[in-house]
Amino acid sequence: MIATPAILAFDLAEATKHLAERDECLKRLIGETLPFQIDVADAQSPYEALLESIAYQSISGKAAATIFGRVKALSASGRAPTPQEILKLRKPVLRKAGLSGAKILAMKDLAQKTIEGIVPSFEEAQELSDEELVERLVSVRGIGAWTVEMFLIFRLGRPDVLPVHDLGVKKGWAITYGKKHMPKPKELLAFGERWRPYRTVASWYMWRACQRVGNAAMRKTSSAKPRKCKHQPAKPKRPTPKHA
């Protein structure tokens with residue numbers, strides 16, 4: 001399901017206009033690529049999203065889907081087990097479902113912190129800033145900033161998230177701006193100031209740039225060599241407190 005502008009927590013037309021006016025390379029990429037779209041309609045709670053993300057860590061998507069399906073089968077509803085159910089499930093049972101010892105500890109910590117209120121409900125999460133959510137959620141065992149950033153972008157639809165450690169974003173940046181190196185996190189963070197308050201949208205287009213080159217290489221019909229273009233940095237206004 002594709003999100004419509006009405007579902008997003010920001011004006012997509014204004015966001016793309018803002019970015020195009022401040023960045024020539026990004027303007028061209030926006031014009032050559034499908035319009036920005038993410039699915040935020042089927043919103044998961046932070047607990048549900050993080051539980052699934054723990055299952056998917058460090059293994060293939062197919063294997064993770066199988067394992068998480070087994071975990072869901074352990075709940076009374078057939079959906080993701082509730083925090084209370086996770087805490088009651090014995091480690092041997094979860095190990096039999098395919099979870100590693102580290103993932104079991106992470107899931108149980110997530111469940112405990114959800115019951116304690118450290119991990120907020122979806123409604124509570126909507127009232128918290130990006131920074132507050134990151135601070136709370138990374139306190140969960142096995143959950144890092146990248147996982148929280150993906151939740152902010154793809155579940156809450158926040159507009160100003162820049163995953164500076166994401167490989168796809170870094171590769172897309174190198175392709176878009178004709179660089180021979182991928183940026184260090186600090187370099188990408190500094191560069192991304194021109195994209196505020198819509199760094200989520202810019203990041204999405206960096207992913208698309210990376211994807212386009214990968215698709216072209218697979219088809220062997222075009223070169224993945226990046227093109228040079230001039231940058232048009234500006235002094236963007238700070239976003240109104242409200243993420244990804």
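The values are calculated or read from the model by the stated rules, or taken from the named source; none is laboratory data. Because the structure is a prediction, the values reported are computed rather than measured. Here the Cβ is made from the backbone with ideal geometry for all residues, glycine too, and neighbour counts use every protein chain on show. Areas reflect the complete protein model, heavy atoms only, side chains present, ligands, DNA and RNA absent. Shrake-Rupley method; radii C 1.70, N 1.55, O 1.52, S 1.80 Å.
What about V71, is it of a type in the set (A, V, I, L, M, F, W, C), at pLDDT 95 or above and over 25 Å from D166 (Cα atoms)? Criteria met by V71.
Could you tell me which residue of region 87-118 is most open to solvent (accessible area, probe 1.4 Å), considering only residues that are in a loop (DSSP other than H, G, I, E, B) and aliphatic (A, V, I, L, M)? Outline the logic, then answer.
First, the residues of region 87-118 that are in a loop (DSSP other than H, G, I, E, B): 89-90, 98-100, 116-118.
Then drop every residue that is not aliphatic (A, V, I, L, M), which leaves 89, 99, 118.
Working: L89: 31, L99: 4, I118: 57 Å².
The qualifying residue most open to solvent (accessible area, probe 1.4 Å) is I118.
Scanning region 7-63 for residues that are open to solvent by less than 20 Å² (accessible area, probe 1.4 Å), under 30 Å from G117 (Cβ atoms) and either of a type outside the set (A, V, I, L, M, F, W, C) or at pLDDT 90 or above (or both) yields P46, Y47, A49, L50, L51, I54, A55.
Just a yes or no: is a residue in region 216-236 of a type outside the set (K, R), within 18 Å of F36 (Cβ to Cβ) and at pLDDT below 95? Write out each step before concluding.
Residues of region 216-236 of a type outside the set (K, R): 216-218, 221-224, 226, 229, 231-234, 236.
Restricting the remaining residues to those that are within 18 Å of F36 (Cβ to Cβ) gives 236.
Subsequent filtering for residues that are at pLDDT below 95 retains 236.
For region 216-236, residues of a type outside the set (K, R), within 18 Å of F36 (Cβ to Cβ) and at pLDDT below 95: present.
Contact annotation: residue pairs with Cβ atoms under 8 Å, 6 or more positions apart or on different chains, pairing a residue in region 90-113 that is at positive phi with a partner that is in a helix (DSSP H, G or I) and hydroxyl-bearing (S, T, Y), are G98/T66. On the given criteria, is R79 open to solvent by 50 Å² or more (accessible area, probe 1.4 Å), at pLDDT below 95, over 27 Å from C210 (Cβ atoms) and not aliphatic (A, V, I, L, M)? So R79 fits the description; yes.
In this structure, is G168 in a helix (DSSP H, G or I), of a type outside the set (S, T, Y) and either surrounded by fewer than 19 Cβ atoms within 10 Å (Cβ to Cβ) or under 12 Å from the mean Cα position of the chain (by Cα) (or both)? Yes: the conditions hold for G168.
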